[in-house]
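One structure is given below, encoded as structure tokens.
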Amino acid sequence: MAKQNKTIITCAVTGAIHTPTMSDALPYRADDIAGQAIAAAEAGASILHLHARNPEDGSVSLDPDHFGAFLPRIKQASEAVINISTGGSLKTTIEDRIAPALGFSPEMCSLNMGSMNFSFHPLAKRHEEWKFDWEKEYVANSDSYIFRNTFADIEKVATTLGPHQIKFEHECYDVGHLYNLKFCMDSGLFKPPVFIQFIFGILGGIGPEVDNLIFMKRTADRLFGDNYIWSVLGAGGAQMGLATTASQLGGNVRVGLEDSLFITRGQLAEHNAQQVAKIRRIIEDLGSQVASPDEAREMLDLKGSDRVNF
């Protein structure tokens, strides 16, 4: 693909992996999620990828009421594109996972393109005391989790949310997920151009080496030609390095406390906007420009914020 003129920054604000014990900066109350999302947009994020949390203990939530406590506030205070996760919890049904997106009809939502082992259990060894009772078991037992995204699940998401004109962020954790997406496109589930998030560094997925980024991109070029736009998510310590590389190869980038709690090696980030500001500075210092929310909407052919249900 030809190098694009501007780079879209996505910020994933809280996610479903990290827990409150791991960082005081991780937002889980509606006020904090909204505040950090708005600040990230002000720092340069044109897309906000959002999960909900139980405000009482920070556990992962798919309750539409928990989403509703922050979505309208973010929309009112920011022009950013709102992208609702359909990954949600690793232990619930696909119907539960897509319920928030179905109810709120955002401009975008994530869609994982294959089932996989998805584990973060090594993080349990880093902490002896936990803020909330649920955290240790949740993290330690993730070595037994299977992140289910069967072809039937993918079709369910596509046929349920497709009529809402929601653009999918196709999350691909390994090269096989690209072939899954190609199969689904050939089957008529998704129309080009598609937006693909290459994900590196999750235990159970492809590793965070630059060689793997090149391999994923070459595979996508072969499968999709000019019919895709791509972005890169590097988990943990791979976040900034892979984002920088992606931006110079003509891709887009994703940062945020969902993906990494750190601003640099050994130093916790103070908030999401700090990560956004850092990658924006890198992108601009290297001669590229960051896309505004409206430019991102045009690049991704989104329906517009006036057509969401919040």
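The values are calculated or read from the model by the stated rules, or taken from the named source; none is laboratory data. As the structure is a computational prediction, the values presented were derived from the model and not from experiment. Backbone-built Cβ (ideal geometry, glycine too); neighbour counts: all protein chains shown.
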Restrict the check to segment 273-280 and report whether at least one residue is surrounded by fewer than 21 Cβ atoms within 10 Å (Cβ to Cβ) and out of contact with any strand residue (DSSP E or B) (no Cβ under 8 Å at 6 or more places or on another chain).
yes
Looking at segment 232-245, which of the residues that are touching a Lys or Arg at 6+ places or on another chain (Cβ under 9 Å) and surrounded by fewer than 24 Cβ atoms within 10 Å (Cβ to Cβ) is nearest to residue 213 (Cα to Cα)?
240
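Residue 42 - would you say it is at pLDDT 95 or above, among the charged types (D, E, K, R) and not in a loop (DSSP other than H, G, I, E, B)?
yes
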Filter pass, residue 259 being modelled with pLDDT of 95 or more and surrounded by fewer than 19 Cβ atoms within 10 Å (Cβ to Cβ)
no
Quick check, is residue 143 assigned to a helix (DSSP H, G or I), under 28 Å from residue 91 (Cα atoms) and of a type in the set (D, E, K, R)?
yes
Please find, among 217, 191, 182, the residue that is closer than 26 Å to residue 251 by Cβ and at pLDDT below 95.
191
Check off (1) in a loop (DSSP other than H, G, I, E, B); (2) without any contact (Cβ under 8 Å) to a residue 12 or more places away in the chain for residue 270 and give me the number that stays unchecked.
(2)
Of the residues in segment 168-179, those that are of a type outside the set (Gly, Ala, Ser) and surrounded by fewer than 21 Cβ atoms within 10 Å (Cβ to Cβ) come to 175, 179
When you look at residue 145, is it modelled with pLDDT under 95 and crowded, with 17+ Cβ neighbours inside 10 Å, yes or no?
yes
When the residues of segment 169-214 are narrowed to those that are assigned to a strand (DSSP E or B) and among the hydrophobic types (A, V, I, L, M, F, W, C), which ends up farthest from residue 119 (Cα to Cα)?
194
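Just for segment 1-39: of the residues that are of a type in the set (D, E, K, R) and in a loop (DSSP other than H, G, I, E, B), which one is nearest to the chain's Cα centre (by Cα)?
Residue satisfying both the conditions and the ranking: 29.
Consider residue 33 carefully, then state whether it is of a type in the set (Val, Ile, Thr), without any contact (Cβ under 8 Å) to a residue 60 or more places away in the chain, crowded, with 24+ Cβ neighbours inside 10 Å and under 23 Å from residue 302 (Cβ atoms).
yes
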Kindly establish whether residue 198 is surrounded by 22 or more Cβ atoms within 10 Å (Cβ to Cβ) and at pLDDT 95 or above.
yes
What is the residue count in segment 71-117 for residues that are of a type outside the set (Asp, Glu), assigned to a loop (DSSP other than H, G, I, E, B), modelled with pLDDT of 95 or more and surrounded by fewer than 24 Cβ atoms within 10 Å (Cβ to Cβ)?
4
